[in-house]
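One structure is given below, encoded as structure tokens.
Where a number appears in this text, it was derived from the coordinates with a stated rule and is not lab data. It should be emphasised that the depicted structure is a prediction, and the values quoted were computed from it without experimental measurement. Neighbour counts run over all protein chains shown; Cβ positions are idealised from the backbone, glycine included.
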């Protein structure tokens, strides 16, 4: 798994309480950018948008329900973008700041870096598959120095037998370090 690049975006792994539920948010029918399941998203003017590189963000996109212009209800894991005339749009977002996510890094992340921070990989934030609806966003392979603010805080490494610190595309367990609902904390 981590020997090859097979990104899957942000995937909620667990919450310390055992609850990692999605919440409802608004999404404009005219929002033209596709958003895939597992994409990092931000709240911009009370609407969900794709997150930006090195900026605070809200959580990960879990899907959307809407009624298209023909009156057909849609329940899908990704927003295809620009659904002019769509109504009843509800975007589902995992937004709890305590959720621990798994994400594949764009390169190796060495052992012993728990507590350090990284950013999302700038070139992959909005990437995904319109066939599967899944994000292919990754974490950057550049671990930030202590005292520097990143978007994600490393809390562990994925414990699968196919993953280990230092693998070519290490799978990490992270929390959002630049969450829109809480004060930022720098890398330790």
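Given Cα pairs under 8 Å that are at least 6 residues apart, what percent is the relative contact order of the chain? Don't jump to the answer; show the numbers that get you there.
On the way: 556 pairs, mean separation 51.8, N = 188.
Relative contact order of the chain: 28 percent.
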Relative contact order computed over region 86-185 (Cα-Cα under 8 Å; 6+ residues apart), in percent
35
Test of understanding: ordering 23, 175 by Cβ neighbours within 10 Å, fewest first, what list do you get?
23, 175
Taking only C-alpha pairs under 8 Å that are 6+ residues apart, what is the relative contact order of region 19-94 in percent?
41
How do 65-73, 53-61 rank on mean C-beta neighbours within 10 Å, highest first?
53-61, 65-73
Listed highest first by mean packing, meaning other Cβ atoms within 10 Å per residue, what order do 100-109, 35-44, 155-164, 130-139 come in?
35-44, 100-109, 130-139, 155-164
Between region 15-69 and region 145-160, the alpha-carbon center distance in angstrom:
22
If you rank 179, 15 by fewest surrounding Cβ atoms within 10 Å, what's the result?
15, 179
Cα-based Rg/(2.2 N^0.38 Å) for region 1-111, rounded to two decimals, is 1.15
Compactness of region 105-169, expressed as Rg and Dmax over alpha-carbon positions, Å:
12.7, 41
For the chain the translational diffusion coefficient, Stokes-Einstein from a Kirkwood Rh over Cα pairs at 10 °C and viscosity 1.306 mPa s, in µm²/s, is roughly 96
